[in-house]
Each structure stands twice: as C-alpha cells, then as structure tokens.
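Read the structure below first, then the notes.
Nothing in this text is a laboratory measurement; each read-out follows from the coordinates by a stated rule. Predicted model, so just to flag it, every value in this text is computed and none were measured. Positions of Cβ are backbone-derived with ideal geometry, glycine not excepted, and every protein chain shown enters the neighbour counts.
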Amino acid sequence: MDKTHEVDVVVVGAGQAGLSAAHHLRRTGFGPDRGFVVLDRSPGPGGAWQFRWPTLTYGRVHGMHALPGMELTGADPARPSSEVVAGYFADYERAFDLRVRRPVDVRAVTDGPGGRLLVETSDGTWAARALINATGTWERPFWPRYPGQETFRGRQLHTARYAGPEEFAGQRVVVVGGGASGTQHLLEIAPYAAATTWVTRRPPVFREGPFDEEAGRAAVALVEERVRQGRPPRSVVSVTGLPLNDAVRKGLEDGVLDRRPMFERITPDGVRWADGRHVAADVILWATGFRAALGHLAPLGLREPGGGIRVDGTRAVADPRVHLVGYGPSASTVGANRAGRAAVRDIGRLLAEEDPGEGPAVAA
C-alpha cells in the first residue's frame, strides 16, 4: 500500500477557487507539499476554462475576474479564452510556487485516525487536518431526461462537448437551455445550420443596462439562501438574467432567439410538444448547465435531505474540517477569490484551536 502523506490542508481543484485558496494559504505561512498540497484532475493549468470551445474568445467572456495578487493584463480579446486563461493560470502557479500536482483523480474523502481526513487519490493518500474543496462543476454536465430520448436517431451533445459552429453546417439543430451558453450557441450556429430552434423550461429574462454591485449582491444572496438551507445551489448567473447586448438584440430581431416552451417528448427524428407540434432535428444540443462535482465527499455524509450541502460561509455545517469554495454563492470568479480567503482564515482558526501555540507547517 502507498505511504500516506501528512499535510495540514488538501486543496482539491486548481481552477479560480482552488488557486485563490492556495494563494491565501501561502500568504498565511503554509508551505506547499508539507503545509498544503493542491491536487488537480485536469491535464494542465486553466481549470474548466481550458476546455471551453475555441470560438469563445477572451473578449466575449462574461465576468472573468483576476486572481488575487496578480492581474491578467494585455490579453488579446480575439484569442480563445481557453488559451488566455490557461496561460494566465500557469503563470500564476509559477509566480506563487503553488506546485499543483496533476493529473490526480481524488476518489474519496473519508474519516481517518487522529481526527484527520483521508484523501484517497490516483496518486496516493493524503491525511489532512482540513480540506478545501474547489472541484467546480465542469465534470458533471447535467442531462435532463425526456420521454423518447433513447429513440432519437440524430446526435445529442452537451455544452461540455461543444467545439464550435462549423460542425452543424446544413443541419437542423434544437438548442435546449435558457442561459448564456444556449444563447451564445444559437447565435454562432444559426449562420451555418439549415435551421435552429430554441427551447427553454422558463421564459428567458433579458437584463438591460449594467450589472452593478448592488444587483450582484442581490443575486449572490439568493443563491446563498438556498445553500444555507441545504438545497442544491443554482448558479449566480442563473439569477442575474441574460445581458441584452448588441448581438442578442440582433438575434431577437432576426428570430434566431425566438424561444419556444419545453417540448413534451423526443421522437426518432425531432421533438414534439403536447399540442402536437413537431420540429424535425438532426442535432439536440443540451445547454442545460452543470452540477457540483462532489461525489468524492459522499463518504463523509455531508448532504442534507434537500440534496445540497449546508454551508456557513464556506464551512460545511456537518464537518468544520471541510470548506467548499466555488460552490453556490462563490461560484463566480470574484466570489471564488473571496471564498478562498475566507476558507483559509477559518481553517487557520480551526488548526490554532486544535494545536495552540503552533503555527502552520512550513516546508523545509
């Protein structure tokens, strides 16, 4: 059996939230590898950004906030956001000597001896006094289920596998989902496709004017209340509405963003509504979002009857050793930065209470 490595803190995930937490651990005096370790499943730096479709250029990104201590400057807005952000994250990891271990698959977190958490991975086991979970949502695309789905003879794919509009040339495409990804996909695909149809569960809400600080706080508060109740969080973006920019206005005028209510069932050659209307389709593109990737925490029994993990700030109410950053109200990039700082502050207090007089472990 592999040797168990002892550290004070394990950070799971090296996206915006994980790197922010690691930065604040370093500033507080924790050293990499001995004081803390960052484990990341992805093949390289960039978090979920590295998997974004090539046509999502940096200039079209909705709300990318700089990591703490290092601004992202001089980025070409015409470059793919996947390249820009991956390069920025790689520079950040080097600048602050974060020594992210990858690719490492965290399989389970369990109770261990001496009050430690055992983090079981594809690269050995870590025994930690605290854990910062920053796994995000990209690894758990949400696929709704509808009658007849298995009979569809065309292609079905999720946003997570969207590679750009060219592959839909000459095809009839149904896009499902009322978020930013769904509208972006439609606007890109329409010039190539034979036909597009937009379907959403709820009527989309378009937001006029700037999204100011007050509106941001109100949106975060709505998500935070769900998490406080132990219910699965909705994304911050889902409660802010869709920005009504020039591209969206044109899509509304041209009929590309002519929304239809959700269909009742999927047929072998398309989708059908309860009133008998039918639209033929070659492709169904599910822009239906993601769910928090928390399966590895299941052995700790943190979930509430409502299906979510109840948190106070970033701390899991059921286990004060576990902090969730980039979850619920901290899922935005600016929220992730704040959550990383808050989690490290709380963990510092927890470890000080357990071991008065000793500071954080520092690498030799």
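With helices as the sole contributors, the chain gives -7500 deg cm²/dmol at 222 nm; each DSSP H run of n ≥ 4 counts as -39500 (n - 2.57), and the sum is divided by every residue.
When peptides 129-135, 25-31, 299-305 are ranked by their average number of other Cβ atoms within 10 Å per residue, the highest-first order is 129-135, 25-31, 299-305. Remark: relative contact order (the chain) = 24 percent; criterion is Cα-Cα distance under 8 angstrom and separation of 6 or more residues.
Relative to one another, the C-alpha centroids of the stretch 140-210 and the stretch 284-347 are positioned 28 Å apart. With distances taken between every two different alpha-carbon atoms, the chain has a Kirkwood hydrodynamic radius of 21.9 Å.
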